[in-house]
1. Report the calculated FRET efficiency for A417 and S344 (r = Cβ-Cβ distance, R0 = 22 Å), to the nearest 0.05.
2. Distance in nm between label sites at W332 and N153, each 7 Å beyond Cα in the beta-carbon direction?
3. How much solvent-accessible surface does F145 expose, in Å² to the nearest 10, with a 1.4 Å probe and all protein chains in place?
4. From the phi angles alone, apply the Karplus equation (6.51, -1.76, 1.60; θ = phi - 60°) to region 51-58 and give each ³J(HN,Hα) in whole Hz, x where the residue is Gly or Pro.
5. Hey, can you grab everything whose amide H is under 5 Å from the amide H of T177? Only 5+ residues off in sequence or another chain; H modelled, so Pro and N-termini drop out.
6. Near the amide H of N241, under 5 Å away, which other amide H atoms are found, from residues 5 or more places off or on another chain, if H is placed in the peptide plane?
7. For a bin width of 5 Å, list the pair-distance distribution of region 280-417 built from all Cα-Cα distances, rounded to whole %.
8. What does the accessible area of K31 come to, in Å² to the nearest 10, when a probe of 1.4 Å is used?
Amino acid sequence: MSFFNDDDKKIVGDLARHSAELAAGPEQAGKIAEWKRHNALKPGKSMVLQAPEGVWGEFVPDSVIECTDPFARSVESRLRMQLYKEHHIHDDQPFTNDFHTPIFHRENHYNLEVNTDRNPDAQGVHGAAHYNCVLNPGDDLDAIFTPRVIERNDESTQEYYQKACELVGGILDVKVTGQSGSWFAILDSFIQWRGLENMMFDMIDNAEWLHDVLQRMTDIEIDRYRQFEAINMLGLNNGNNSVASGGIGLTDELPSAGFDGRVRLIDQWGHATTQIFSEVSPVMHDEFAIHYESQFLAAFGLNCYGCCEPLHKKMHLVDKLPRMRRVSMSPWCDHVEGCEQVGSKYIYSVKPNPAFLCTGTYDPAPCRDEIVTVLDAAKANGCIVEFVMKDTHTCCGEPERYDQWSELALQLCAEYA
């Protein structure tokens, strides 16, 4: 049985062959080795990664997709995005011949519905929102926070895999890969039900109730991932994949000792973040976030922490987390203080200011100043640094901005190596 017409198969097959040719290039092995060196906390060149996120629709718009079948179009788009980096936004991500397909599953969710007010004229991928309160003290928490039940959907998993094999099998290495990433951010979810202002008052006025909710959410999330583990639904994330909000996961330290082919949580990178606590004191961050995040992260082999929240004054809290390896340092961090606090303990994962690329007229001067500030502070404190340009949602009609930023970052990192 064939799922696709010959034209679609040729379009996708040609792209896959080109991707495989790039993956076989001699420079890819060097990039892979550099990421493994970097993730092992060994000194060397700072790494550069572009994660354009919302800008992909401008780099690879629907108008360039040639296939007719919806599944073939999705694979074509995925390959074109990978191949875009051959001639644009050069960075340190290698080309590899992996093509991962998912394990599908069904699960129940919390018995709450997010209620928001949004400006219909808002621009951007997400836009701003006001979260209306749908969760209050006195609500029946047993009825709301019910245990998750995970059920594999092997039929959909196999169909997806077969379709991918028809399009790129024999060219790329098609692998069924289970749940291979974690994003533990229960407070970022909580404020969508409770509202940001209410949550801030809850930490003082309703602390016992808030702790009850957070412990329930933590227990459910831990059980959820343990279910993934029990039904063989986990996948390794130690390859050419991004981990958390940071860099590439390539490492020889995972999977952990005792790995027999069946992936366990201890074989994976883990991640937690509480972005909504940017302006919360270290004491409260510890009590209402770190306390729960440490429980979740205890299951994983190597861990990452943070995303958009500034952490330069909270590294003593990050030190409490198990098996930490990578910490996100957002555009709102004081990088001089941050580098002093991190030193060589963890990867200093810099998130440069995306506004430099997404607004106004592109000016390389503030980009250079930001990168140099980090590199100078890192050099003084022995930091292992990566620059991950993310949270970008437009190129303002000038995609070359991203090319220029990458070239600048690569050049400066090479000069400081």
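1. Here the calculated transfer efficiency is 0.90.
2. Using points 7 Å along Cα→Cβ, the separation is 3.7 nm.
3. Estimated to the nearest 10 Å², F145 gives 10 Å².
4. Whole-Hz 3J(HN,Hα) from phi for region 51-58: 10, x, 6, x, 7, 4, x, 8.
5. Amide H neighbours of T177, under 5 Å, 5+ apart: T101, I103.
6. Those lying under 5 Å, H to H, from N241 are G249, L250.
7. For region 280-417, the pair-distance distribution reads 2, 10, 19, 20, 17, 14, 9, 7, 2, 0.
8. 50
The values are calculated or read from the model by the stated rules, or taken from the named source; none is laboratory data. Computed from a prediction, not measured in an experiment: that's the story for all the values here. Note that each Cβ is placed from the backbone with ideal geometry, even for glycine, and that neighbours are counted across all protein chains shown. When the accessible area is computed, the model is the full protein with side chains, heavy atoms only, and any ligands, DNA or RNA have been set aside. Shrake-Rupley method; radii C 1.70, N 1.55, O 1.52, S 1.80 Å.
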